[in-house]
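First comes the structure, then the notes that go with it.
The values are calculated or read from the model by the stated rules, or taken from the named source; none is laboratory data. Bear in mind that the values here come from a model prediction, so they are computed numbers and not experimental data. Backbone-built Cβ (ideal geometry, glycine too); neighbour counts: all protein chains shown.
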């Protein structure tokens, strides 16, 4: 109960005001966001703001069940960051060591989905250069496939990599886009599924108003 209260207070008093005041957020198809779990939000990743912005868009009643999947080696690297990440943000830590069996790697994620939670997953695996899409990893397919009827919702964010780029502690006000796509259908073959996800991302990027190509037209 304490963790739930802390999470709600953090987003109501800090995250949402910052997002509203400092980011000119253009949200496209917000109605496609899940209203209940289980579900997976599969998003591109350029900034630590990505998680905060996505969670700020969710109804407060759902926040306790919104669980970002995050790298254990980074977010559990010291006890204060670990406490905040686990108890306030509610992350599911993921070990990025090679050789770990997928059944073990995703055990906590499977349990969360079975409990009706909504996971935030970044298929690129880590933050890249601002507004540059990295290759997508197949782990998302291995996680989602066993859960029949699970919604996998693609989300593209643009501009957040400039508002708070990797390695920069200073938040810069910047206009940003969040485009929510249609559910990506599950496929037996991982390659097919990841191609469908990539295609969805590319289509959503075209709808981002902050893209330089669109500004020059």
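Values for this structure:
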{"read-out": "Boolean, residue 3 is outside any helix (DSSP H, G or I) and either touching a residue at least 60 places away in the same chain (Cβ under 8 Å) or crowded, with 16+ Cβ neighbours inside 10 Å (or both)", "value": "no"}
{"read-out": "Tabulated pairs, the stretch 192-213, first on the phi > 0 side of the Ramachandran plot and assigned to a helix (DSSP H, G or I), second at pLDDT 95 or above and surrounded by 15 or more Cβ atoms within 10 Å (Cβ to Cβ), C-beta under 8 angstrom, 6+ apart or interchain", "value": "none"}
{"read-out": "Within the stretch 12-77, strands (runs of 3 or more DSSP E) holding 2 or more residues that are modelled with pLDDT under 90 and either within 26 Å of residue 207 (Cβ to Cβ) or more than 16 Å from the chain's Cα centre (by Cα) (or both)", "value": "23-28"}
{"read-out": "Some residue of the stretch 78-100 being out of contact with any strand residue (DSSP E or B) (no Cβ under 7 Å at 6 or more places or on another chain), outside any helix (DSSP H, G or I) and within 27 Å of residue 24 (Cβ to Cβ)", "value": "no"}
{"read-out": "Those residues of the stretch 114-168 which are at positive phi, surrounded by fewer than 23 Cβ atoms within 10 Å (Cβ to Cβ) and modelled with pLDDT under 90, in sequence order", "value": "125, 131, 167"}
{"read-out": "Of the criteria (1) over 16 Å from residue 143 (Cα atoms); (2) touching a residue at least 40 places away in the same chain (Cβ under 8 Å), which one residue 17 fails", "value": "(2)"}
{"read-out": "Number of positions in the stretch 32-42 that are closer than 13 Å to residue 58 by Cβ and touching a strand residue (DSSP E or B) at 6+ places or on another chain (Cβ under 9 Å)", "value": "7"}
